[in-house]
1. Using DSSP, restrict attention to beta bridges with both residues in the chain and report what percent are antiparallel, rounded to the nearest 5.
2. In Å, what is the Rg of the alpha-carbon atoms in region 165-306, and how long is Dmax?
3. How about region 196-294: which GluC sites (Glu not before Pro) there lie in a loop by DSSP and see at most 15 other Cβ atoms within 10 Å?
4. What list of whole percents do you get for P(r) of region 90-138, with Cα-Cα distances grouped in 10 Å bins up to the one holding the largest distance?
5. Once you have the alpha carbon radius of gyration of the chain, what is it after dividing by 2.2 N^0.38 Å, with N set to its residue count?
6. Of all chymotrypsin sites (Phe, Trp or Tyr not before Pro) in region 25-95, which ones are in loop regions per DSSP and have a Cβ with at most 11 other Cβ atoms within 10 Å?
7. How charged is the neighbourhood of residue 155? Take every other residue with its Cβ under 10 Å from the Cβ of residue 155, and add Lys/Arg as +1 and Asp/Glu as -1.
8. Okay, helix-only estimate at 222 nm for the chain: each DSSP H run of n ≥ 4 adds -39500 (n - 2.57), divide by all residues, round to 500 deg cm²/dmol; what do you get?
Amino acid sequence: MRNDYIFEQSKKYMPGGVNSPVRAFKDVEVNPPVIKKGVGAKIYDEDGKEYIDFVGAWGPMILGHCDEAVVKAIKETSENAIAFGATTELELKLAKHICTTLDNIEMIRMVNSGTEATMSAVKLARGYTGRDKIIKFSGCYHGHFEGFLVSAGSGLMTEGIPGSAGVPLESIKNTLIADYNDLQSVKNIFEKFENDIAAIIVEPVAGNMGVIPAKFEFLKGLRDLCDEYKSLLIFDEVMSGFRVAYKGAQSLYGIKPDLTTFAKIMGGGLPSGAYGGRKEIMEKLSPLGPVYQAGTMSGNPIVMAAGLATLEKLYNNPDLYKHLEALGQKLEEGLKEIAKANNIPLVVNRCGAMLTAFFTKEDKVENYEDAKKCDTGMFNKFFTHLLKNGIYIAPSQFEAIFLSVKHSSEDIDKFLEVARAFTK
Ligand code: HOZ
């Protein structure tokens with residue numbers, strides 16, 4: 001079988017056979033399929049098997065695979081512009097599009113990944129406030145920057161690792177951990193470190209301990225605390241930006257962060273990231289200000305073109321979000337109904353086109369501690385059954401199922417039919 005052969009060969013040359021740990025399927029019982037091709041909502045592996053894809057490259061592929069407009073933009077741009085490390089009109093077009101269509105972004109800086117966006121936003125917050133400490137939440141994941149690898153979600157949570165080796169204590173001594181959806185835990189930290197906190201960084205809809213939407217009062221409380229203590233509020237919308245709504249989770253909650261980080265969808269599936277917010281803060285970045293952050297590939301023309309094609313399509317077709325919502329609702333309700341009919345304890349959390357079905361006896365999943373109580377053994381069996389039957393979701397209880405505009409109602413029917421068969 002080509003899948004297994006390629007994966008075995010890959011292990012010889014790349015640690016674990018992968019370039020990002022979550023792809024190794026280490027915590028489930030099967031080898032990862034080796035993906036060869038993607039069209040719309042479907043992907044195909046090297047053995048020729050077809051899957052309905054609910055991973056979507058871990059979020060970016062909201063328009064589905066190889067969307068015509070995105071492919072056209074990439075092809076046309078690459079005829080003339082691959083990389084210059086210089087100013088281009090394309091980066092202006094994407095920056096202007098984002099700043100004019102979103103409410104809380106006056107200026108933006110392009111980078112190359114979500115990790116780069118979040119670590120740079122924190123550095124900027126530190127430079128702006130002249131303070132060192134940051135607050136992050138258990139189970140939130142903001143990429144692999146050293147200062148964030150404490151009580152982190154995503155791959156660390158899947159593997160049950162509290163933190164990463166290779167991170168000096170020095171690097172995390174300024175990272176203070178609070179509990180998601182628990183405002184009191186944040187107040188306690190502010191009372192202790194009053195004037196030392198540069199920023200709170202939070203996923204307003206957490207997607208890295210499974211999907212857990214923040215409660216409104218929690219986010220509102222974070223905003224109020226930041227105002228009171230003159231700290232900055234950073235929304236990490238790497239996953240939720242342009243997904244739960246075009247204008248992101250902040251538009252659903254009506255709460256204004258000082259800085260926002262993006263990646264995934266904003267680059268149309270190419271390596272991308274960005275952080276932006278109030279002009280007065282962004283102007284602290286070099287070359288205007290003293291906070292240094294740079295990158296040869298930042299604002300790369302092909303990435304900008306793919307991002308622009310993606311965002312313009314989403315912005316100009318608000319009905320796409322109605323389609324995503326209808327699909328999400330159908331999948332959520334269908335899974336709940338199957339679980340109920342078969343006495344399987346299940347909580348489904350959803351925000352628009354991202355959801356997680358948690359195998360848990362708890363009534364709700366609102367934070368890291370709740371998520372950790374899930375029956376991961378049951379999840380793994382469910383996952384293996386889905387994969388065998390052509391439904392591709394992330395190989396972890398603590399990740400999101402992502403929908404794309406190319407999914408159809410029939411694709412959801414198929415997911416539910418396979419899920420129903422799991423219970424028999
Ligand atoms: N940010 C992604 C979802 N948790 C993970 C992707 C990766 O680590 O490769």
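1. Of all bridge pairs located within the chain, approximately 60 percent are antiparallel.
2. So, for region 165-306, Rg and Dmax equal 16.3, 47 Å respectively.
3. 283
4. Final binned percentages: 22, 41, 31, 6.
5. So the Cα radius of gyration is 0.95 times the expected 2.2 N^0.38 Å.
6. Of the chymotrypsin sites (Phe, Trp or Tyr not before Pro), the ones in loops of region 25-95 whose Cβ has at most 11 other Cβ atoms within 10 Å are 84.
7. -1
8. Here the helix-only value at 222 nm equals -12000 deg cm²/dmol.
Any read-out appearing in this document is the output of simple, stated calculations on the displayed coordinates, not a laboratory observation. Small disclaimer: the values here were computed from a predicted structure and weren't measured. As a convention, Cβ positions derive from the backbone with ideal geometry for all residues, glycine included, and neighbour counts pool all protein chains shown.
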